[in-house]
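Please treat every number below as a calculation from the coordinates, not as lab data. All figures in this text were calculated on a predicted structure; none of them were measured in a lab. Methodologically, a virtual Cβ is constructed for each residue, glycine included, from the backbone with ideal geometry; neighbour enumeration extends over all protein chains shown.
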Amino acid sequence: MSVHKETVKRITTHQLKEMKSRGEKIAMLTAYDFSMASIVDAAGIDVILVGDSASNVMAGHETTLPITLDQMIYHASSVVRAINRSLVIVDIPFGSYQGSSREALKSAIRIIKESGAHGVKMEGGKEIEESVSRVLSAGVPVMGHLGLTPQSIYKFGTYTVRAKDKEEAETLVSDVRLLEELGCFGIVLEKIPANLGKVVSESVSIPIIGIGAGPFVDGQVLVTHDMLGITKEFKPRFLKTYANLNEKMSEAISNYVNEVKSGDFPSLKESY
Ligand code: KIV
C-alpha cells in the first residue's frame, strides 16, 4: 500500500482509542532515521516509535541506557521529516525523567519542540506517577511501558518474561489502571504471559500494544530491524521475521565489492 501526502489523514491518539473500541488492531514499528521512516510510513503503519532501542540498533550498545536526550531528538527529527500519516512517539531516554517531574517535563518539551514528534513514551508505573502527570499536564501525549522495561535491565538482571507470578501480575494490572487514570493514551506491554495481556487489554479503554504479550492485546510493536531480519543475533520467541534483509544486503554488497575489484563497475553505462 502506498500513501500520498495530499490524500492522507494523520493518525491521532484519539483515533487509536477509536480503533480499539471498534476492534481494529494497531500496527506499530520502530524507526530512527529518514529513509527507514519513509518506507515504514508509506507501508501504512499506524504508529512509529522512535525507540531508545536506537541505542542497540543504531549505536551498537548492549543496552538502551547510554543513549542521550540529544541523540533521541536527532533520531526523532529525522523520522518526523519523513512521515505523512503515522503518529510519531519518542522514548524519553534513561536518566532524562527519573530524577524529578520537572526534569521529565523539560525532557518531554524538548523532544516535542525540537523534533516535531507527537508524543513520548516513558517506562514505569507508580514510581513515575508524578512525572507522567506533569508531562500530561503540559498537553504532551504519554504512552506508558510496563512489563519488561529495558531501562531497568540491571534491576531485573535478565531479559526473561515478566509478571509470571501473582504479585508482579497484580502490580502490573494496578500500574496499567493508574496510567489510564492519569490520562496516558496507550501502553506498551513487553514480554508478559498472553493471558495476562488479554486480562489487561479487556480491563482498560486505552489501547494496549504488545511486544511478546500475545495475540489478545490491541496492537503489536516490533523493532523494524529485527522483523526485517537485518539484526542477526537477536531471536527471541516473540519475534517473527518477515524478510531476511541481512542476507540480501550482504549479497548485494559482496556483488558490488567483486565488481569494483574486477573492474565490471562502473561500465560505460554508468559513466559520463
Ligand atoms: O525502544 C524500543 O524499541 C521499544 C520497543 C521495544 C517497544 O521500547
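Odds and ends about this structure:
- For the chain, the Stokes-Einstein estimate of translational diffusion at 10 °C and a viscosity of 1.306 mPa s comes to 81 µm²/s, using the Kirkwood hydrodynamic radius over alpha-carbon pairs.
- Under 11 Å, Cβ to Cβ, from residue 126 - net charge with Lys/Arg +1 and Asp/Glu -1: -3
- Segment 112-155: C-alpha gyration tensor shape, a/c 1.5 cut-off, then a/b vs b/c: oblate
- Net dipole in debye of the chain [+1 Lys, Arg Cβ; -1 Asp, Glu Cβ; about Cα centre; nearest 20]: 400 debye
- Sequence-distant residues sharing a close amide H with residue 213 (under 5 Å, placed H): 191, 192
- Residues whose placed amide H lies under 5 Å from that of residue 43, excluding near-sequence neighbours: none
- In Hz, Karplus ³J(HN,Hα) per residue of segment 62-79 (6.51, -1.76, 1.60; θ = phi - 60°; x = Gly, Pro): 6, 10, 7, 5, x, 5, 9, 4, 4, 5, 5, 5, 4, 4, 5, 5, 5, 5
- Distance violations [Cα-Cα > 23 Å] among 164/198; 121/155; 17/198; 17/240; 121/232; 9/198: 17/240; 121/232; 9/198
- Put simply, the amide H of residue 186, placed in the peptide plane, has neighbours under 5 Å in 144, leaving out anything fewer than 5 places away on its chain.
- Volume per residue that the Cα convex hull of segment 8-51 spans, once the total is divided by residue count, Å³: 76 Å³
- Computed across segment 165-272, the Kirkwood hydrodynamic radius from all distinct Cα-Cα pairs reaches 17.1 Å.
- 3J(HN,Hα) along segment 148-154: 7, 10, x, 5, 9, 4, 6 Hz, from the Karplus curve 6.51 cos²θ - 1.76 cosθ + 1.60 with θ = phi - 60°, whole Hz, x for Gly and Pro.
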